[in-house]
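Scroll down for the structure; my scribbles are underneath it.
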Amino acid sequence: LPVVGRLPDYVRDPLALFTGVARRYGDVASLPLGRMSMWLLSHPDDIERVHVHSVRDFDKGYGSDDPFLGSGLVNSEGEFWRQQRRMIQPAFHQRRIQAYAEVMVRRGRQLTDRWSPGAVVDVHAEMMEVTLAIISETMFSADVTRDSGAVAMALDMALNAASGAGESGILPAWVPTPARRRTRVAVAALDEVILGIIAARRARDVADASGGTSGEVDLLGMLLAARDAEGSGMSDRQLRDEAMTIFPAGHETTSNALTFAFLLMSRHPDVRRAMAEEIQGVLGDDDLVPDHVARLPYTTAVLKESMRLYPPVWVVARRARADTEVGGYRVPAGTDLAMSQWVVHRDARFYDEPDRFRPERWLGGTWRTGTRATPTSRSGAVLGSASATPLP
Ligand code: HEM
């Protein structure tokens, strides 16, 4: 299959493909996927180098022509990203998170009040709903309530269309595939809602002589109030892109994390009981507040272990800006690198019994840190037209 490479396997089961490639070909493997060829990095040291020690050697390469997220934080690059990140950072300050916590707890309480013992609920649907309510309220305050149905539907359509776009691996960007058409329709609906909210908030700020956006505690208020070093704020388009990025970033991820935690707890009643006991002991009949979290180590371990086994984001990518080196291999400029949380989290070199759900591994240092594979034990890239070249 010289044209599509491993694309059919990728469309069928990307997790199995990535895991199989890593286990068979080692920590650095090249993978032909349709028009693209990417290298899969599967050793934490190499992944750390890309994300921490040599960040300037890599772009994200996601592309800000993405019709859904635009040039929000996830897609943007270099100096522009750094400037946006500096402006947005205060919205994620610990004090702000504490303010958002009240919304999270209230929405969680409203959700569980609807549940009754013995009832069957679709946990995924419920988690999507509650995390959408939380991200909407922390981001736009009450503004979105009126449109929340439209937002939920459009977001869902856009996420489905974007994730069902396996065809984009072989077809050029200008081909109007059904998935791309669906994305356009969904994005137009979301744009209408979000740009409408931004316009209404700006109008209210103009009318409000008492200080405008700086008084708002929601994310949109923070984004509107953000100023760069020259004192300029963001354009409506950039505000839209940042908001559109934070929406799915904060909605689908947390929903996935919670859904899989429920699934695992349903399969492990002993874990569920131990967690309930810990929560009961610390909270009694009180509502959760952020200060409780440090006193809930077992509950925290359950969530960590759920995200280890079912990482809500299972892969991230980077592109080499110039010729560089990773894991003992020369990486030519332009090479696309994929790094999969799923693959690393299930690697027996780094986690004992990696397929078992054992929250205790996160308590008291019982989990094993990785040992570096020696360069000679690395098998390197040999899939398809492999291009990885070991350094001498
Ligand atoms: C369990 C929950 C979450 C997981 C697993 C998760 C995972 C990730 C990952 C893997 C990235 C890096 C993507 C890349 O650079 O290629 C990322 C970036 C980001 N996430 Fe999350 N996320 C979660 C929750 C959230 C929430 C709740 C928000 C906002 C309310 C959020 C906002 C962002 C933003 C803005 C970025 C881009 C940061 C930057 O590049 O400066 N995430 N997230």
Using the count of nearby Cβ atoms within 10 Å as a rough guide to exposure, how do S235, S54 rank from fewest to most?
-> S235, S54
Of all the Cα-Cα pairs you can form in segment 219-275, what percent are over 19 Å apart?
-> 53 percent
Treat the count of other C-beta atoms within 10 Å as a stand-in for reagent exposure and order W81, W39 from fewest to most.
-> W81, W39
So how do E77, E48 line up by other beta-carbon neighbours within 10 Å, fewest first?
-> E48, E77
Against the globular-protein guess of 2.2 N^0.38 Å, express the Cα radius of gyration of segment 1-77 as a ratio, rounded to two decimals.
-> 1.27
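Given 0.36 nm per residue, what is the gain on full extension from R24 to A188 after removing their alpha carbon distance, in nm? Numbers along the way, then the final one.
Details: separation 164, 0.36 × 164 = 59.04 nm, distance 4.36 nm.
54.7 nm is the gain from fully extending R24 to A188.
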What is the spin-label model distance, in nm, from R109 to Q89 if the labels are put 7 Å beyond Cα along the C-beta direction?
-> 3.4 nm
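Can you give the charge dipole size of segment 1-128 about its Cα centre, rounded to the nearest 20 debye, using +1 on the beta carbon of Lys and Arg and -1 on the beta carbon of Asp and Glu? Write out the running numbers ahead of the final one.
On the way: 17 positive and 16 negative charges, 74 e Å.
The calculated dipole for segment 1-128 is roughly 360 debye.
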In nm, to one decimal, how far is the V121 label point from the E102 one, both placed 7 Å along Cα→Cβ?
-> 2.4 nm
So what are the radius of gyration and Dmax for the Cα set of segment 246-358, in Å?
-> 18.6, 59
For W39, residues with placed amide H under 5 Å, excluding near neighbours = L31, D336, L337, A338
Computed lengthening from Q280 to A16, 0.36 nm per intervening residue step minus Cα-Cα distance | 91.1 nm
Estimated dipole of segment 88-142 in Debye, rounded to 20 [Cβ of Lys and Arg +1, of Asp and Glu -1, Cα centre] = 260 debye
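Read the figures in this text as sums done on the coordinates, not as results from a lab. The structure presented is a predicted model; accordingly, all values stated were derived computationally and were not measured. Note that each Cβ is placed from the backbone with ideal geometry, even for glycine, and that neighbours are counted across all protein chains shown.
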